[in-house]
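I have placed the structure first, in the form of structure tokens, so that the comments after it can refer back to it.
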Amino acid sequence: MPALRVRALEKRYGRTPALAGVDVDVGEGELFGLLGPNGAGKSTLVKIACGLVRPTRGSAEICGARAGSPPARRSLGYLAELFRFPGWASADEVLELHQRLAGSSGGTAERAELLELVGLAYARDVRVEAMSKGMQQRLGIAQALVGFPPLLLLDEPTSALDPAGRRTVRTLLEELRGRGISVLLNSHLLSEVELVCDRVAILRDGRVVAAGVPDELARPRGVEIETDDGVVRLDGGREEAARAVAELVAAGRKVYRVDVRRSTLEEVYLDAVGE
């Protein structure tokens, strides 16, 4: 059973369609990237999954339960892009509050495990106002994990972090995947999504215009071969590279480097959204 299952999902605000028939599955332990320009429908999809917005047509299920129902709410954790914790509260107090809100009985042991998981074990008594942005971001992920739900919805979790902070969050996401926790990652940082996500879906005008494994979405962008007589550039992919190398060697040329160029996720994204 998918952690998130969306079928023929539609949402209209008056005459304006936000979603126009979206199908998405997020499997158990899968990191799934949700991409698209502003206004593509990403936030609407996430709000429907959280039960904050009702769809016009179609369905969204969390671990088999209708989105918005009590079983569905208990099965997911959510971190909004613009979240804010009380500056006077410590990390431990923030998690204790969210345990009470979520009805978690994990107590001190769960809070300690969550802080250890996100690399904040040393910051148990540190107040939010004294934390860096990266520390607050990791604390936000920890609160989303209260009760250890099988599905996390993360909205731009690395957008305000420096490279070291983004790498820390990537490592954390991979740890969650190892624990069997599914993650729907809404992000504009395409390089981050390409590094960490198992599959992606690209939305435009409320529709999925491309979906799949990032490597499978990429297309050949030509071949570059460095030889003792200069660089040879060809159109095509792996087959053309192998054929060209064989011909060059047969002609007595020395081959030092072969680079089969493929489109990046950024190029796939820009092609898909028409920019």
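For residues in the stretch 195-242 being free of Cβ contacts under 8 Å to residues at least 12 places away in the same chain and small (G, A, S), which is surrounded by the most Cβ atoms within 10 Å (Cβ to Cβ)?
Per the criteria, the residue is A242.
When you check R57 against the structure, is it surrounded by fewer than 18 Cβ atoms within 10 Å (Cβ to Cβ) and over 26 Å from L265 (Cα atoms), yes or no?
Yes: the conditions hold for R57.
Being crowded, with 18+ Cβ neighbours inside 10 Å and within 30 Å of L203 (Cα to Cα) narrows it down to one residue among L52, L95, L117, L45; which is it?
L45
Of all residues being small (G, A, S) and touching an Asp or Glu at 6+ places or on another chain (Cβ under 7 Å) in the stretch 1-39, which is surrounded by the most Cβ atoms within 10 Å (Cβ to Cβ)? Just the residue, please.
Among residues in the stretch 1-39 that are small (G, A, S) and touching an Asp or Glu at 6+ places or on another chain (Cβ under 7 Å), the one surrounded by the most Cβ atoms within 10 Å (Cβ to Cβ) is A3.
Could you grab me the full set of residues in the stretch 96-117 that are of a type in the set (A, V, I, L, M) and out of contact with any Gly (no Cβ under 9 Å at 6 or more places or on another chain)?
L97, L101, A109, A112, L115, L117
Test R199 against the criterion of being at pLDDT 85 or above, in contact with a helix residue (DSSP H, G or I) (Cβ under 9 Å, 6 or more places away or on another chain) and among the basic types (K, R), and give yes or no.
For R199, the condition - at pLDDT 85 or above, in contact with a helix residue (DSSP H, G or I) (Cβ under 9 Å, 6 or more places away or on another chain) and among the basic types (K, R) - is met.
The values are calculated or read from the model by the stated rules, or taken from the named source; none is laboratory data. All values reported here derive from a predicted model rather than from experimental measurement. When we count neighbours, we look across all protein chains shown, and the Cβ atoms used for this are built from the backbone with ideal geometry, even at glycine.
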